[in-house]
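K.L.:
My questions all concern the structure below.
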Amino acid sequence: MSDDGSSDGTLKVVRTVVPDAIRKRFVLKFLIVLLFMGLSIGAVGVFATGQITDQTQDRIENEYSSLADQESTIITQWIDRNRQSVRLASNNDVWTSDDTATMERAAQNLESESVDIDALHVVDATSDDIDVLASTEFDSSASFGGTNREWVGDIEFSSLGQVRTSSVYDARRTSVIGFVSPVGNGDRYLVLESSVDDLASEFQGSQRAERGFTQVVSGDGTIMIDERMGDSDSAELFSTYGDQASRQPIRDANALRDTQDASGVSSSMPAQQDIIDEEYAVGYAPVFILNGPDDWVVLVHAPTSEVFGFVQTISDFGLVATGAAVLLMGLIGAVLGYNTSSSIDRLTRKAEAMESGDLDVDIRTGRIDNIGRLYGAFGSMRDSLKEQVQEAESARKKAEVSRAEAMEISNYLQERAEEYSEIMQAGARGDLTQRMEPEGENEAMDRIADDFNEMISELEKTTGQLKTFSEEVEESGRSVQQSAETVREASEQVADSTQKISDDAYNQKERLRSISEDMDSVADSLEAFEAEADGVDFGDSLRRVREVTGALNTAVELGEETMSESENVAGAAEEQAAELNEVSSRAEELVRYAQYLGDGLNNFETDEEHEFVFQTGAGGAGSADPDDD
């Protein structure tokens with residue numbers, strides 16, 4: 001129930017907000033709904049495409065960042081491998097001998113055994129010119145002084161097991177990185193040179209994207225290693241890397257050295273002629289070299305169109321697919337809406353024709369959907385209307401006949417009603433002798449006449465009885481009033497007489513009490529005198545005096561009882577007189593009410609008086625007629 005209420009409330013709000021011009025046109029409403037659905041699908045498609053595009057771009061950026069970290073790992077592993085090689089080789093005692101030929105043979109054997117060694121030198125660290133004692137490239141008369149290798153003279157070792165790594169420098173045949181380890185007691189150094197061409201060949205930047213490449217650049221922007229070394233379009237080593245803006249990845253990579261992040265990516269760098277002549281992406285990672293350069297970074301480059309071309313393809317495909325879906329839905333919706341609207345318009349015109357009275361309109365369609373069922377419902381309604389019209393016409397004719405009959409009955413009823421009304425009005429005025437005459441024409445009117453006659457007869461009889469009753473009540477009331485007055489006067493006389501008796505009894509009682517008291521005094525005096533005088537005996541006299549005194553006391557008590565009984569009788573007589581006064585008043589009031597009732601009943605006209613009969617005792621019948629007593 002609550003769901004229906006809430007939906008009705010929502011529909012009311014919608015009807016209030018939507019203009020009538022839209023609500024009246026199904027096609028317009030359908031187009032608006034279709035447009036809303038298209039925009040919704042388009043918005044969802046654009047949003048989903050954006051989400052997929054962003055996820056794909058994030059994945060590619062993470063892959064490119066990981067590639068920079070892999071390239072940094074390749075460099076670190078390559079350098080560690082050469083450091084390990086020179087450290088192990090420096091433990092050979094051959095480098096401490098004075099036999100130059102032996103050292104050269106050992107150096108050549110070691111070079112031939114390792115693909116990473118481009119040249120191997122044993123130099124005198126104590127000489128100012130850093131003399132070469134044995135070499136796979138120079139003869140024993142050479143020295144490093146004044147060459148790109150003179151950096152070896154600036155190295156200091158804290159132990160014999162240490163290895164120092166140089167930056168990139170040009171050797172006689174190629175660009176190399178030098179690895180130096182002390183030999184013997186530290187007065188000689190073993191110098192291993194490895195070509196950075198071998199290292200550059202292990203980079204994978206060009207394999208990940210067309211025109212992609214990897215470079216190793218120092219913190220000041222100097223290019224140390226380039227994957228494109230040997231290509232015609234390669235950057236020249238030791239040249240400056242771009243401008244200050246394009247060196248931001250270098251700074252970002254070095255900033256990662258003190259963090260837990262191993263690499264990063266700049267997904268959109270502006271075109272730089274010295275790097276890539278179009279917008280490009282750069283993955284960067286710091287290179288960690290033990291006892292060597294501490295500001296190298298790996299930069300993996302590729303044009304943005306190559307790196308994120310798939311992302312753009314996904315975005316374009318998603319937008320095209322969304323647009324195609326919206327367009328397809330619009331076309332299908334337009335076709336469905338046009339067909340539905342056309343069918344509804346045709347049905348509306350046919351319904352209007354039916355409304356104007358044309359029930360022969362053809363309502364047929366080949367559709368079997370809801371619209372088709374609606375056509376069928378309208379056809380059934382048309383047929384039903386035709387049947388109802390025919391039935392209504394037949395009912396109208398019957399109604400006309402019935403109306404004529406009803407008019408006759410109505411006229412008769414009206415005449416009889418007027419006659420009955422006059423009789424009822426006469427009865428209402430007090431003429432209870434009027435009666436209605438049943439004619440046998442209409443059962444209801446005859447029943448009314450019979451009921452009225454029965455009722456008026458009962459009313460006439462009751463009225464006659466009430467008249468008799470009121471007269472008898474008035475007469476009886478007067479008798480009761482007179483009797484009550486007589487009894488009341490007698491009661492008052494009794495009360496007065498009793499009061500006089502009571503007063504006399506009281507006076508007699510007081511006199512007897514006084515005499516008794518005097519007799520008691522005389523007796524007391526005689527007894528006192530008899531006690532004082534010897535020989536005097538008043539025994540019999542005193543006894544008779546005491547007997548007289550007792551008799552007087554008894555008479556006093558009888559007088560008190562008589563007086564009490566007299567007062568009770570007087571009180572009862574007074575109470576009876578008061579009650580008789582009330583009875584007399586009630587009788588007088590009853591006579592007055594009976595006179596009023598008789599005066600009212602005299603206004604009614606009856607054919608005869610009726611004796612009033614009332615119930616007495618336990619179901620016995622009694623008469624109010626005084627003659628029955």
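K.L.:
If you build the Cα gyration tensor of the stretch 427-553 and take the root of 5 times each eigenvalue, what three semi-axes come out, in whole angstrom, biggest first?
P.N.:
Details: eigenvalues 1776, 39, 12 Å².
They are 94, 14, 8 Å, listed largest first.
K.L.:
Within 10 Å of each residue's Cβ, count the other Cβ atoms and sort VAL361, VAL33, VAL282 from fewest upward. Provide the component values of the computation, followed by the final result.
P.N.:
Values: VAL361 15, VAL33 12, VAL282 26.
Placing the least packed residue first, the sequence is VAL33, VAL361, VAL282.
K.L.:
Could I ask something else about it? Regarding the stretch 120-184, what are the three Cα extents along the principal axes, ordered largest first, in Å?
P.N.:
On the principal axes, the stretch 120-184 reaches 31, 25, 19 Å in Cα extent.
K.L.:
Find, among the trypsin sites (Lys or Arg not before Pro) in the stretch 373-445, those assigned to loop by DSSP (not H, G, I, E, B) with at most 16 other beta-carbon atoms within 10 angstrom.
P.N.:
Numbers: sites: ARG373, ARG382, LYS386, ARG396, LYS397, LYS398, ARG403, ARG416, ARG429, ARG435; in loops: ARG435.
For trypsin sites (Lys or Arg not before Pro) across the stretch 373-445 that sit outside H, G, I, E and B with at most 16 neighbouring Cβ atoms in 10 Å, the list reads ARG435.
K.L.:
Separation of the stretch 60-95 and the stretch 253-293 by C-alpha centroid, Å?
P.N.:
19
K.L.:
For GLU460, GLU419, what's the fewest-to-most ordering of other Cβ within 10 Å of each Cβ?
P.N.:
On the way: GLU460 21, GLU419 15.
So the ranking, lowest neighbour count to highest, is GLU419, GLU460.
K.L.:
Can you list the residues, at least 5 places off or on another chain, whose amide H is less than 5 Å from the amide H of VAL265, using H built in the peptide plane?
P.N.:
Hits under the 5 Å cutoff: TYR284.
K.L.:
Return the FRET efficiency for the residue pair GLU439, ALA404: r is the Cβ-Cβ distance, R0 is 25 Å, and the value is rounded to the nearest 0.05.
P.N.:
Numbers: r = 21 Å, r/R0 = 0.86.
The value I calculate is 0.70.
K.L.:
With r defined as the distance between the Cβ atoms of GLU475 and GLN425 and R0 fixed at 45 Å, what FRET efficiency is calculated, to the nearest 0.05?
P.N.:
Values: r = 35 Å, r/R0 = 0.78.
After rounding to 0.05, the efficiency reads 0.80.
K.L.:
Using unit Cβ charges (K, R positive; D, E negative) and no other charged atoms, how large, in debye to the nearest 20, is the dipole of the stretch 79-179 about its Cα centre? Please list the in-between numbers first.
P.N.:
On the way: 8 positive and 19 negative charges, 87 e Å.
Approximately 420 debye in magnitude.
K.L.:
If you don't mind, there's one more thing I want to ask. Which aspartates and glutamates, if any, have their Cα less than 20 Å from the Cα of LYS350, not counting same-chain residues under 8 positions apart?
P.N.:
Qualifying aspartates and glutamates at Cα under 20 Å: ASP358, ASP360, ASP362, ASP369, ASP383, GLU387.
K.L.:
On to the next question. Taking 0.36 nm per residue of separation and subtracting the Cα-Cα distance, what length does fully extending GLU557 through GLN260 add? Kindly include the intermediate steps, with their values, before the conclusion.
P.N.:
Values: separation 297, 0.36 × 297 = 106.92 nm, distance 13.89 nm.
Length difference between fully extended and current span is 93.0 nm.
K.L.:
Explain nothing, just compute: Karplus ³J(HN,Hα) = 6.51 cos²θ - 1.76 cosθ + 1.60, θ = phi - 60°, for every residue of the stretch 283-292 in order, whole Hz, x for Gly and Pro.
P.N.:
x, 9, 7, x, 10, 9, 10, 6, 6, x
K.L.:
Output wanted: per-residue J couplings in Hz (rounded whole) for the stretch 239-256, from phi through Karplus 6.51 cos²θ - 1.76 cosθ + 1.60, θ = phi - 60°, x for Gly and Pro.
P.N.:
Per residue, the Karplus-derived 3J(HN,Hα) values read 7, 7, 8, x, 9, 4, 5, 6, 8, 4, x, 5, 5, 5, 5, 5, 5, 7 Hz.
K.L.:
When you take every Cα atom in the stretch 165-249, what is the radius of gyration, and what is Dmax, the widest Cα pair distance, in Å?
P.N.:
15.5, 52
K.L.:
Can you put ILE223, ILE371, ILE332 in order of Cβ neighbours within 10 angstrom, beginning with the fewest? If you can, show how the numbers build up before the last one.
P.N.:
Working: ILE223 21, ILE371 17, ILE332 11.
By the 10 Å Cβ count, ascending, the order reads ILE332, ILE371, ILE223.
K.L.:
Going by average Cβ neighbours within 10 Å, how do the peptides 157-164, 292-299 rank, with the highest at the top? It would help to have the intermediate numbers written out before the result.
P.N.:
Values: 157-164: 14.6, 292-299: 21.8.
Highest-to-lowest ranking by the protection proxy: 292-299, 157-164.
Coordinate-derived values only; no laboratory data. The structure displayed is predicted, hence computed values, not measured ones. In this analysis, Cβ positions are derived from the backbone assuming ideal geometry, glycine residues included, and neighbour counts consider all displayed protein chains.
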